[in-house]
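Visitor: Here it is: the structure, laid out below.
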Amino acid sequence: MESDTIESGSESKFPLIAGIVGVALGVVALVLAVKAKNTAEAANLAAQAAAASAGEATNAVATKADNAAFQALGADVAAFKEQTGKAFADATVAYENLRKATEARGGSSRGTSTAGAVAGPGEYIVQKGDSLYAIAKKSGLSLKALQDLNPGVSASLKIGQKLKVK
């Protein structure tokens, strides 16, 4: 009897090979996907770090710009203070020269008398034409120091008024 069965050796092995190749391709795709995900995460972290560095650089530049503007403003204020101080000193000198010239012509003694006022140690008697600044300068004090020694004294001095100068 001849066999009417088909031998298994003649069966096609294509489906088995196709299945193995399909699984291998799936594993390769999975490995590539994991690598791509890791690369994307690394790129995202690098982008975040670059953004943070850019923010820090922007803040540093802004701070330097603010510091430069502040220093320029400070220099302007110092120059204005110096100019104002010089102008005030010049005006005081001009005032004192005018006062002395008026006294030299005999104009200062009319109607003013300080005969009753006597200055003690560390005191000054206000005379006609005196200003707080001039008294401070004559006494070797700053205007602030003179004002601190004489609280409540205003810029409108009275002839014969006693001020502490020490």
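Rule-based calculations on the coordinates, nothing more; no lab input. Note that this is a predicted model, so its numbers are computed, not measured. In this analysis, Cβ positions are derived from the backbone assuming ideal geometry, glycine residues included, and neighbour counts consider all displayed protein chains.
Visitor: In the chain, with Lys and Arg counted as +1 and Asp and Glu as -1 at Cβ, which of these residues, 20, 120, 34, has the Cα nearest the positive end of the dipole, that is, farthest along it?
Guide: 120
Visitor: So who's got an amide H within less than 5 Å of the one on residue 123, skipping anything under 5 residues away but keeping other chains? H placed 1.01 Å off N, in plane.
Guide: Answer set, sorted by chain and number: 165.
Visitor: How would you order 75-85, 139-149, 89-99, 125-135 from highest to lowest mean count of nearby Cβ atoms within 10 Å?
Guide: Sorting 75-85, 139-149, 89-99, 125-135 by mean packing, highest first, produces 125-135, 139-149, 89-99, 75-85.
Visitor: Ok, one more. Based solely on C-alpha atoms, express the radius of gyration and the Dmax of the stretch 15-104 in angstrom.
Guide: 38.5, 131
Visitor: May I ask you to evaluate 6.51 cos²θ - 1.76 cosθ + 1.60, the Karplus curve with θ = phi - 60°, for each residue of the stretch 44-51 and list the ³J(HN,Hα) values in order in whole Hz, giving x for glycine and proline?
Guide: Per residue, the Karplus-derived 3J(HN,Hα) values read 5, 5, 5, 5, 5, 5, 5, 5 Hz.
Visitor: Taking the Cα centre of the chain as origin and charging only Cβ (+1 Lys, Arg; -1 Asp, Glu), how large is the dipole, in debye to the nearest 20?
Guide: In total the dipole reaches around 2680 debye.
Visitor: Please report the Cα spread of the chain along all three principal axes, rounded to whole Å, starting with the longest.
Guide: 166, 28, 20
Visitor: Another question about this same structure. Quick check on the stretch 123-164: what does the Kirkwood estimate of hydrodynamic radius come out to from the alpha carbon pairs, in Å?
Guide: That comes to 10.1 Å for the stretch 123-164.
Visitor: Would you calculate a helix-derived [θ] at 222 nm for the chain, using -39,500 (n - 2.57) for each DSSP H run of n ≥ 4 and dividing by the full residue count, to the nearest 500?
Guide: Roughly -23500 deg cm²/dmol at 222 nm, from the helical runs in the chain.
Visitor: Per residue of the stretch 150-166, what does 6.51 cos²θ - 1.76 cosθ + 1.60 with θ = phi - 60° give for ³J(HN,Hα)? Whole Hz please, x for Gly and Pro, Karplus curve as stated.
Guide: Coupling constants for the stretch 150-166: 10, x, x, 7, 9, 5, 8, 7, 10, 4, x, 5, 8, 10, 7, 10, 9 Hz.
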